[in-house]
1. Pairs please, first residue from the range 174-186 and at pLDDT 95 or above, second anywhere and among the hydrophobic types (A, V, I, L, M, F, W, C), Cβ atoms under 7 Å, 6+ apart in sequence or on different chains.
2. Can you name the residue in the range 1-13 that is out of contact with any Asp or Glu (no Cβ under 9 Å at 6 or more places or on another chain) and surrounded by fewer than 15 Cβ atoms within 10 Å (Cβ to Cβ) and is also farthest from residue 255 (Cα to Cα) among such residues?
3. Could you tell me how many of the residues in the range 174-202 are outside any loop (DSSP other than H, G, I, E, B) and within 21 Å of residue 227 (Cβ to Cβ)?
4. What do you reckon, is residue 214 farther than 19 Å from residue 192 by Cα, in contact (Cβ under 8 Å) with a residue 40 or more places away in the chain and not β-branched (Val, Ile, Thr)?
5. Which one of 237, 257 is closer than 23 Å to residue 129 by Cα and among the aliphatic types (A, V, I, L, M)?
6. In the range 148-159, is there at least one residue being of a type in the set (Asp, Glu), over 30 Å from residue 43 (Cα atoms) and either modelled with pLDDT of 95 or more or assigned to a loop (DSSP other than H, G, I, E, B) (or both)?
7. Of the residues 122, 178, 139, 163, which is farther than 21 Å from residue 280 by Cα, touching a Gly at 6+ places or on another chain (Cβ under 9 Å), among the hydrophobic types (A, V, I, L, M, F, W, C) and surrounded by fewer than 22 Cβ atoms within 10 Å (Cβ to Cβ)?
8. Go through (1) in contact (Cβ under 8 Å) with a residue 40 or more places away in the chain; (2) touching a Lys or Arg at 6+ places or on another chain (Cβ under 9 Å) for residue 50 and report which single condition fails.
Amino acid sequence: MKIIFSPKCLEYKSPNHPESPERVKICHDFLVNRKGYIKLEFVTPEACTEEDILLVHTKQLLGRVKQSDFFDPDTPSINGIFGYAALSAGAAIGAAQSALSEKEFVFSLMRPPGHHAGKNSLGGFCYFNNIAIVIKKILKRIKKAVILDLDAHHGNGTENIFLGVDNVLYVSLHQSPLYPGTGLTSRNNCLNFPLAGGIDETEYLETLKQALKEIWDFKPDILGISMGFDTYRDDPLTNLNLEKNSYFKIAELIYELDVPSFGVLEGGYSPGIDECLYNFLKAQAN
């Protein structure tokens with residue numbers, strides 16, 4: 001199994017911001033220490049091109065990020081953020097291309113995340129929409145794609161980009177009410193499964209099974225997973241009650257689809273994110 005990672009994504013930070021380099025570093029270190037339990041190969045990504053970004057975003061957004069000419073209280077304007085965001089999107093592209101060519105699950109362990117970034121908007125810790133960029137690019141090679149968003153927050157940016165696009169199915173399980181306040185109902189090709197705060201693993205997995213039935217019926221050529229671990233019970237920003245081992249069960253259900261798949265890291269802000277990710281990958285490696 002390939003893990004797409006570059007230590008460059010650990011170079012930037014904003015004081016006291018939950019989307020910190022530490023959350024990725026603990027995941028990387030945990031996986032390195034357990035390479036003997038599951039076979040992992042770490043692969044260094046390349047940054048995406050501006051042409052890749054413009055597949056889903058406007059020239060205006062690209063320019064604002066490139067020049068750090070924006071203000072968002074959750075999404076800090078950091079020196080060099082364009083390069084870090086382009087590298088994160090490039091890692092997602094590499095993950096998808098490897099998953100298609102080698103028929104194995106590949107995970108991009110990079111930051112910043114992406115699923116709140118829309119066509120002409122950033123926000124929610126996201127600058128460019130990593131998974132949207134790669135899906136749009138990969139559709140030049142395949143016919144149909146699914147994005148399964150398992151972050152605790154609704155991927156409003158991903159829905160904004162793909163709403164009404166017939167050959168892409170967007171499926172999201174997310175806590176509601178919660179930032180950004182969207183995803184209350186399904187629309188066209190965007191299927192939303194809002195979940196009340198405080199639900200347990202049993203209810204979550206039953207909902208996931210419903211969502212996976214929709215994905216199975218769609219018969220995609222590739223499945224991209226916006227994987228957030230902020231559904232874990234100790235996450236400081238959310239109120240869902242999944243356990244560390246829940247992610248093994250989630251991955252087992254996804255694996256049964258038997259579709260070329262890749263994952264990109266979205267949220268997850270508790271110290272337990274490392275074990276949650278490891279359990280998710282362990283099931284995919286079996």
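1. Short answer, once both residue conditions are applied: 174/152; 174/195; 175/152; 175/195; 175/240; 176/184; 176/195; 178/152.
2. Per the criteria, the residue is 11.
3. Going through the range 174-202 one residue at a time, the tally reaches 10.
4. Details: farther than 19 Å from residue 192 by Cα: no; in contact (Cβ under 8 Å) with a residue 40 or more places away in the chain: yes; not β-branched (Val, Ile, Thr): yes.
Judged against the criteria, residue 214 is not a match.
5. Result of the check over 237, 257: 237.
6. no
7. Matching residue, one of 122, 178, 139, 163: 178.
8. (1)
The values are calculated or read from the model by the stated rules, or taken from the named source; none is laboratory data. Please read all numbers here as calculations on a predicted model, not as lab measurements. A quick note on method: Cβ atoms are made from the backbone with ideal geometry, for glycine too, and the neighbour counts reach across all protein chains shown.
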